[in-house]
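Notes for the one structure printed next.
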Amino acid sequence: MKLKNTENFIVLGLFLAVIGLISGLLLAVFSGVVKEPIKAAELRNTNKALEQILPPFDNQPSQDKFEVDGITFMGAVRDGKLVALAASGAKKGYAGPVQALIGLETDGKIRAILITRQNETPGLGANVCERKFKKTIFNLFEKRPEGLAPNPFLDQFDGMSAKKDVTWKVKKDGGDIEYVTGATVTSRAITALTDEITQCYLANRGEIVAKLTPAGGK
């Protein structure tokens, strides 16, 4: 017996609905299975990055955090005392968000900047973000140095502190920050993010330190 066209459509609709339901259930189960491993991997990567920009700590800064104006501050604690902080934020670069971790002394001075996520143009904007030890014929067989690899653009911020009513800008925009030719947009984004984070800490230092200092610590 042949089905009428309307009946064909009903059968096809039911078939697609069943397939959709099964696909949705499989996706939900798969998401539940991989959610925790992904979360654990992100935590390991964050902790590894924090170790590179902070002094030795005996807590988990990624779990001791406080958010102000969309910026996440994390405290590095050693022997019950707050010894440094890290701040995480993002700004739009040339090809998407540029996310950074900035290590700060408790007085607000920048310890180091590490770009943790970016999709900038290889060879241009990516050079502003990446830290790499360069191999040459002179150091080809040398052991890789410990600590952060150099990046002239990022390293120029080391030791700098925000000042009230002073905005950091690249030289092309009338500021004092060196930028990378051909990657001005990326340079601007990182400069603006660094300024935003340090200014936020300057304006809210007392509250941030109080929130991240362990009970009984100083």
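The values are calculated or read from the model by the stated rules, or taken from the named source; none is laboratory data. Quick caveat: nothing in here was measured; it's all calculated off a predicted structure. Cβ sites come from the backbone with ideal geometry, for glycine too, and all protein chains shown count toward neighbours. With ligands, DNA and RNA removed, areas are computed over all heavy atoms of the protein, side chains included. Shrake-Rupley method; radii C 1.70, N 1.55, O 1.52, S 1.80 Å.
Here are the numbers:
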read-out	value
Residue satisfying all of: in region 164-175; among the charged types (D, E, K, R) and either touching an Asp or Glu at 6+ places or on another chain (Cβ under 9 Å) or without any contact (Cβ under 8 Å) to a residue 12 or more places away in the chain (or both); most open to solvent (accessible area, probe 1.4 Å) among these	ASP165
Considering residues of region 176-218 that are in a loop (DSSP other than H, G, I, E, B) and free of Cβ contacts under 8 Å to residues at least 24 places away in the same chain only, the residue surrounded by the most Cβ atoms within 10 Å (Cβ to Cβ)	ASP176
Strands (runs of 3 or more DSSP E) lying entirely in region 62-122 (those with 1 or more residues that are under 16 Å from THR191 (Cα atoms))	71-78, 81-92, 97-104, 110-117
Filter pass, GLN52 being open to solvent by 80 Å² or more (accessible area, probe 1.4 Å) and in contact (Cβ under 8 Å) with a residue 24 or more places away in the chain	yes
